1. Which whole-percent values make up P(r) of segment 37-110 when all C-alpha to C-alpha distances are grouped in 10 Å steps starting at zero?
2. Calculate the spin-label point distance for residue 265 paired with residue 289, positioning each point 7 Å from the Cα along the beta-carbon direction, and give it in nanometres.
3. Please work out the Cα convex hull volume for segment 1-87 and give it in Å³ per residue.
4. If R0 is 35 Å, what FRET efficiency do you get for residue 187 and residue 282 from their C-beta distance, rounded to 0.05?
5. To the nearest 0.05, what FRET efficiency results for residue 121 and residue 70 with a Förster distance of 22 Å applied to their C-beta separation?
6. Take every Cα-Cα distance within segment 7-215, group them into 5 Å bins from 0 onward, and report for each bin the whole-number percent of pairs it holds.
7. Can you put 325, 143 in order, fewest other beta carbons within 10 Å first?
8. What whole-number value in cubic angstrom gives the convex hull volume per residue for the C-alpha atoms of segment 226-399?
């Protein structure tokens, strides 16, 4: 045990060592053991590690150490130019990286900041104009600040691409190229990701200078701490199966808590969230159409336990660091095989155990085969059908208040159907709901109207009139 590495063995400044000790970092992860010395040496790095293995500390701690010599307490913005630039594909990942860097640098004078889209740009401009040495950004918003002349990138010493493959998938390659052209030619380049596609390897050839490959696991492998379950379901029963899993797959048949459910579309995300709420499951949604404030609020409710289920598109597949997230469910099989690795990487982080469930329908065979090829494994797919209705009702009654009396079609005098959502309750009135039948008074009124109406065949003769003399005095009928 004496030869096990510790953070105290890294040549980091006392201020950084004190900060990470307060966080609770003692034993570094494999990616940190390999990456930190290489980054401290000033070499370019191409890092491959599964999500949740500590990549942020692997590049963040040595990057802070390398620019610590520039730290100062001057109030002049000119004394605080951007020295470290970190590019991230999503707002959530950028915010998560920034939170970690703030903790690492809290004992130093270094200024740390983050910019991303979806929020007011003016506070970000004020922050940048005051000066910041370590900047995390999404590519699009960073270019907005470049065009607004609120940031200068001519003194960047270290540039880091985090989740580079995701940035390429999202079409950020032109933006990344523009940003790299704004940086000094002499700089240190780092690229970290859980997967490396051929496109990423081509980018690395142009971006990195004789990089050191830091790889702590088989490429595109899933974490061994994650138990993967795949169920074949009928497309029309998929939602019912999901509800059964959420309500009965907990310990001793109890409901699951803190479950992240992935879907492929924003519309599907909204619909599934509404469905879960209708059956009594507290759920929130995260997708691209929600504002950043709404997404952060939903994430906070999920982390605090206020809601049990977070339904998300792939916008949440990267960058969400949720402590002790036990279960991830792929309600939809991801279109990209690499996204499967990132989705299930939300659980089983930092050595903890987790469960990843995927629901497969008849049309998903090609996507499942692509995942098996990428991860070099063969799924043991089991057939799964929804619980019988009476069994599901009995399971619900064990965990909730007694259900209301069952609805009967022949009993609707002033009754409210218990299965109708509260926002759409309908009170049935036997008089109001009766079909309309005209009475004697109404019938006589209809007859009077018919008498007043002239016969369709009778036409009122119009008197011939003469038109103007200019038209020849013709008679117009």
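Just so you know, all these numbers are worked out from the coordinates, no wet-lab data involved. All values reported here derive from a predicted model rather than from experimental measurement. Note that we place each Cβ from the backbone using ideal geometry, even for glycine, and neighbour counts take in every protein chain shown.
1. 16, 48, 31, 5, 0
2. Here the modelled spin labels are 1.1 nm apart.
3. Details: hull volume 11.2 nm³, N = 87.
That works out to 128 Å³ per residue.
4. FRET efficiency, residue 187 to residue 282: 0.15.
5. 0.25
6. 1, 7, 17, 21, 22, 17, 10, 5, 0, 0
7. On the way: 325 21, 143 17.
By the 10 Å Cβ count, ascending: 143, 325.
8. 116 Å³
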